[in-house]
Amino acid sequence: MTIAIIGTGIAGLSAAGALHAAGLDVQLFDKSRGSGGRMACTRKDFGAIDIGAQYFTSRDRRFADAVQHWRSLGWVDEWKPSLYDFADGQLRPSQDEQVRWIGTPRMSSITRGLLGDLPVRFSCRITEVFHGKENWHLQSAEGESFGPFSHVVVATPPHQAAPLLAAAPKLASTAAGVTMEPVWAVALAFDQPLDTPVEGCFAHDSAIDWLARNRDKPGRAGKPDIWTLNASSRWSRQHLDLDKEAVIEQLHGLFAEQIGCAVPPPTFAHAHRWLYARPAASHEWGALADPDLGLYVCGDWCLSGRVEGAWLSGQEAARKLLQHHTR
Ligand SMILES: Cc1cc2nc3c(=O)[nH]c(=O)nc-3n(C[C@H](O)[C@H](O)[C@H](O)COP(=O)(O)OP(=O)(O)OC[C@H]3O[C@@H](n4cnc5c(N)ncnc54)[C@H](O)[C@@H]3O)c2cc1C
Ligand SMILES: NC(=O)C1=CN([C@@H]2O[C@H](COP(=O)(O)OP(=O)(O)OC[C@H]3O[C@@H](n4cnc5c(N)ncnc54)[C@H](O)[C@@H]3O)[C@@H](O)[C@H]2O)CC=C1
């Protein structure tokens, strides 16, 4: 019997890979047109821009092993940016020893690679997950029904997970109780490269808490000179309903103050509002489960709001499912 997995972000694909490797059949669903979720890219004529996750670190041995495997497949590479820190109105070099990884040639190369040939339905928003006499069935916003499935893994942000967990009210209320913070992400492109050595910059107590130069990341050389900016969650919350043009204008102005060199008007700009960018706090759940029902939940919010946390959560959902399945 097939296992339904809702969400093709890194958590859902981590679970899918582990279940598939154990010999089980999976069927994935995602409301978007492609995989990646918050590791997705926006595609333009001049290339793809990482509008979600910017890079990731690996601190857990299991994840570090997976990253090395992805590296051997050419999906990731190490990124060694010239790092700066912006604090008290001052821009200062802030080099460190931390190893940082990035998907090549784009962030979504990782989820694309993990998806491989696994069966998936894109542009399919699941609105209902219900248990019939013996099996699970799904209903989509487009009016389609799917099933039967032996198990369901929900791998979406918590507020999208809660309505899908009606069969397990405890899991639903846990998911509904998680606070996620929003983030406005903006990409700015300049025909002439900006005259700065900065390749990545953290900021504290500022409206922009991260900025990075796209072309210095592995596999992304070329024109124009593209920069990605992440507004802080505080600023994003305060400006949640601002229109995209106004967000671009404000963040462009702040970027010009922060980067310490002349910044002309961009030749291209793009803004994306991530309503559920990151959990306000970390949790120790690993993955949520009602094994007797056959319902499992994973995502970064079950651990830490990072790529690593999401991947580990997917592994944990698969582990719990396999443990119960083989009993
Ligand atoms: C701007 C930004 C910058 C970030 N920077 C970093 C960083 O530098 N380093 C780092 O480690 N992490 C970073 N993160 C966090 C990281 O991207 C996430 O922790 C991780 O990608 C979450 O993966 P996930 O699989 O749990 O969820 P998601 O990636 O959100 O995947 C969930 C998937 O479920 C789908 N979905 C939702 N509801 C439904 C439904 N009803 N039916 C069907 N499909 C559905 C969505 O379309 C999505 O594809 C950043 C995030 C953002 C937004
Ligand atoms: N914008 C968003 O929506 C999200 C951004 N996320 C960021 O993703 C990154 C992932 O975290 P980790 O994997 O722990 O990565 P990391 O170890 O590079 O960074 C962790 C945090 O430490 C600080 N820091 C690290 N290195 C430096 C440095 N050289 N100079 C100054 N400050 C530094 C900085 O505040 C940074 O946010 C962090 O930067 C998060 O802020 C995570 C989730 C969501």
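I'd like to check which strands (runs of 3 or more DSSP E) are fully inside the range 113-162 and have at least 2 residues that are among the aromatic types (Phe, Trp, Tyr) and farther than 29 Å from Ser282 by Cβ. Outline the logic, then answer.
Details: elements: 126-131, 136-140, 145-149, 151-154.
The strands (runs of 3 or more DSSP E) meeting that bar are 145-149.
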Which numbered condition in (1) closer than 27 Å to Lys31 by Cβ; (2) more than 14 Å from ligand 1 (Cβ to nearest atom); (3) modelled with pLDDT under 95 is the only one that Glu142 fails?
(2)
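Here is a yes/no grid of residues against (1) of a type outside the set (A, V, I, L, M, F, W, C); (2) buried (at least 18 other Cβ atoms within 10 Å of the Cβ):
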residue: Leu242; (1), (2): no, no
residue: Val247; (1), (2): no, yes
residue: Gly286; (1), (2): yes, no
residue: Trp311; (1), (2): no, yes
residue: Gly314; (1), (2): yes, yes
Kindly establish whether Leu91 is more than 16 Å from ligand 1 (Cβ to nearest atom), closer than 25 Å to Asp205 by Cβ and surrounded by 14 or more Cβ atoms within 10 Å (Cβ to Cβ).
yes
Are there any pairs with C-beta distances below 8 angstrom linking a residue in the range 214-238 that is within 12 Å of ligand 2 (Cβ to nearest atom) to a residue that is part of a helix (DSSP H, G or I), with the two at least 6 apart or on different chains, and if so which?
Thr228/Asn214; Leu229/Leu251; Leu229/Phe255; Ala231/Val247; Ala231/Leu251
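What about Gly12, is it over 14 Å from Arg106 (Cα atoms) and either more than 7 Å from ligand 1 (Cβ to nearest atom) or in a helix (DSSP H, G or I) (or both)? Spell out the reasoning first.
Numbers: over 14 Å from Arg106 (Cα atoms): yes; either more than 7 Å from ligand 1 (Cβ to nearest atom) or in a helix (DSSP H, G or I) (or both): yes.
Taking the combined requirement at face value, the residue satisfies it.
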Out of all the residues in the range 208-232, which are outside any strand (DSSP E or B) and under 20 Å from Ala262 (Cβ atoms)?
Asn214, Arg215, Asp216, Lys223, Pro224
Looking at the range 54-74, can you tell me whether even one residue there is buried (at least 23 other Cβ atoms within 10 Å of the Cβ), outside the structural domain of Asp191 (by TED's automatic domain parsing) and under 25 Å from Ser206 (Cα atoms)?
yes
Output for the range 89-106, where each listed residue is touching a residue at least 12 places away in the same chain (Cβ under 8 Å) and among the charged types (D, E, K, R)
Asp96, Arg100, Arg106
Could you go through the range 219-239 and let me know if any residue there is more than 10 Å from ligand 1 (Cβ to nearest atom) and under 22 Å from Leu114 (Cβ atoms).
yes
Could you look through the range 15-39, keep only residues that are among the hydrophobic types (A, V, I, L, M, F, W, C), outside any helix (DSSP H, G or I) and within 19 Å of Glu316 (Cα to Cα), and pick out the one that is nearest to ligand 1 (Cβ to nearest atom)?
Leu28
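Matching residues to (1) within 12 Å of ligand 2 (Cβ to nearest atom); (2) outside any loop (DSSP other than H, G, I, E, B); (3) not assigned by TED's automatic domain parsing to the domain that holds Ser232:
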position: Ala289; (1), (2), (3): no, yes, yes
position: Asp292; (1), (2), (3): no, no, yes
position: Tyr296; (1), (2), (3): no, yes, yes
position: Gly305; (1), (2), (3): yes, no, yes
position: Ser313; (1), (2), (3): no, yes, yes
Step by step: first the residues of the range 234-284, then only those that are aromatic (Phe, Trp, Tyr) and under 19 Å from the mean Cα position of the chain (by Cα), then the one that is nearest to Ala11 (Cα to Cα). Which residue is that?
Tyr276
Please verify whether the range 56-68 includes one or more residues that are more than 20 Å from the chain's Cα centre (by Cα), in contact (Cβ under 8 Å) with a residue 40 or more places away in the chain and part of a helix (DSSP H, G or I).
no
Checked the range 35-88 for anything more than 11 Å from ligand 2 (Cβ to nearest atom), of a type in the set (Ser, Thr, Tyr) and touching a helix residue (DSSP H, G or I) at 6+ places or on another chain (Cβ under 7 Å); matches are Ser35
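The values are calculated or read from the model by the stated rules, or taken from the named source; none is laboratory data. Treat the numbers as computed from the prediction; the structure is a model and nothing was measured. Cβ: placed from backbone, ideal geometry, glycine included. Neighbour counts: every protein chain shown.
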